[in-house]
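The values are calculated or read from the model by the stated rules, or taken from the named source; none is laboratory data. What you see is a predicted model; the values in this text were computed from it and never measured. Positions of Cβ are generated from backbone atoms using ideal geometry, with glycine treated the same way; all protein chains shown enter the neighbour counts. When the accessible area is computed, the model is the full protein with side chains, heavy atoms only, and any ligands, DNA or RNA have been set aside. Shrake-Rupley method; radii C 1.70, N 1.55, O 1.52, S 1.80 Å.
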Amino acid sequence: MTLRTLLFSFEGRITRKTYWLTLLGYFGAITAVLVAFRLSNDYFLHIPRSDDARPYFLAGLAAAMWPLLPLTIKRLHDRDKSWPAFCAVTGAGYAVLWGERLVEHLILGDPLLRTNQPSEWFYVLGASPLMALTHTMPPAGAFTVFGTIPKLVKAIPDGLLSPAVMFYSTDIALGLLSVIAGLWFFWQVGLRRGTVGPNRYGPDPLG
C-alpha cells in the first residue's frame, strides 16, 4: 500500500502495526512542523499572538490531521466496522461537549454558544472528531471526572439538589461517557486484531 493510499484513501484494510507506525510517524512530523513554526515565529516571522489568529491556527491543525481519518477508517475496516462506529464515538464526544454547555446554560446561566470567542466554532464542530482520532477522549474524560469529584464533595453540604451539585454530577457523568466511548474506540482501533480472512472491506492484510 502506497503512502498516498494509506493517508488519503478510505478503501481497504490495515493492520495494527501499520496503523501505529503511521500514527507515530505522522505525529512526529506534525510536532516537528509546529516546533519549527514556533521557532521561526520567535526569531524571524514575529506573527502577533492574539485570539484573532487562533481559529486559523486551529483550522490549519485540523486540516493537517485530516489524513488520520482515512487511516482510522481503514483500521475499523480491518475490524469489519466503519463509519457507524466512528460516528458513535464522535457522537458521544459531542454529547459531552454540548451536554456540559447545556448544563452550564440551564443551571449556571452561561451562554450556550460563546460567539464572541473566535475559536468557538472550531471547538464545537471539530473537537470531538479530533479527540477520537488522536485517542485523547479517555484521558480528557478522566481529567474531568477526577478534577470535578472534589468540587462535588465540597458542594454536597449545600444540598443534593443545589445547582452546584447538579452541575458537578452531570459533569462527572459526561466525563465517564467520554472515558467509556474513548476506551472502546481505542480497544477496537488500536489493540484488537482484524477479522481473520477476507471481510466486506477486502482481504486480510496479514494474508
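Things worth noting here:
- ILE156, sole failed condition from (1) over 20 Å from THR90 (Cα atoms); (2) at pLDDT 95 or above: (2)
- Enumeration of residues in the stretch 181-196 that are surrounded by 15 or more Cβ atoms within 10 Å (Cβ to Cβ) and among the β-branched types (Val, Ile, Thr): VAL189, THR195
- From the options LEU161, LEU133, residue that is open to solvent by 20 Å² or more (accessible area, probe 1.4 Å) and either free of Cβ contacts under 8 Å to residues at least 12 places away in the same chain or within 30 Å of PRO67 (Cβ to Cβ) (or both): LEU161
- Helices (runs of 4 or more DSSP H) enclosed by the stretch 1-88 - at least 1 residues per element that are farther than 15 Å from LEU130 by Cα and modelled with pLDDT of 70 or more: 3-8, 16-40, 68-78
- Pairs where the first residue, in the stretch 106-127, is modelled with pLDDT under 65 and the second is assigned to a loop (DSSP other than H, G, I, E, B) and open to solvent by less than 80 Å² (accessible area, probe 1.4 Å), C-beta under 6 Å, 6+ apart: PRO118/ASP51
- The single condition from (1) buried (at least 16 other Cβ atoms within 10 Å of the Cβ); (2) under 29 Å from GLY60 (Cβ atoms) that ASP171 fails is (2).
- Taking every residue in the stretch 190-207 that is of a type in the set (Asp, Glu) and pairing it with any residue that is surrounded by fewer than 16 Cβ atoms within 10 Å (Cβ to Cβ) and in a loop (DSSP other than H, G, I, E, B), at least 6 positions away or on another chain, the pairs with Cβ-Cβ distances below 9 Å are ASP204/VAL196; ASP204/GLY197; ASP204/PRO198.
- Looking across the stretch 6-26 at every residue that is free of Cβ contacts under 8 Å to residues at least 60 places away in the same chain and exposed (fewer than 14 other Cβ atoms within 10 Å of the Cβ), the one that is farthest from ARG192 (Cα to Cα) is identified as GLY25.
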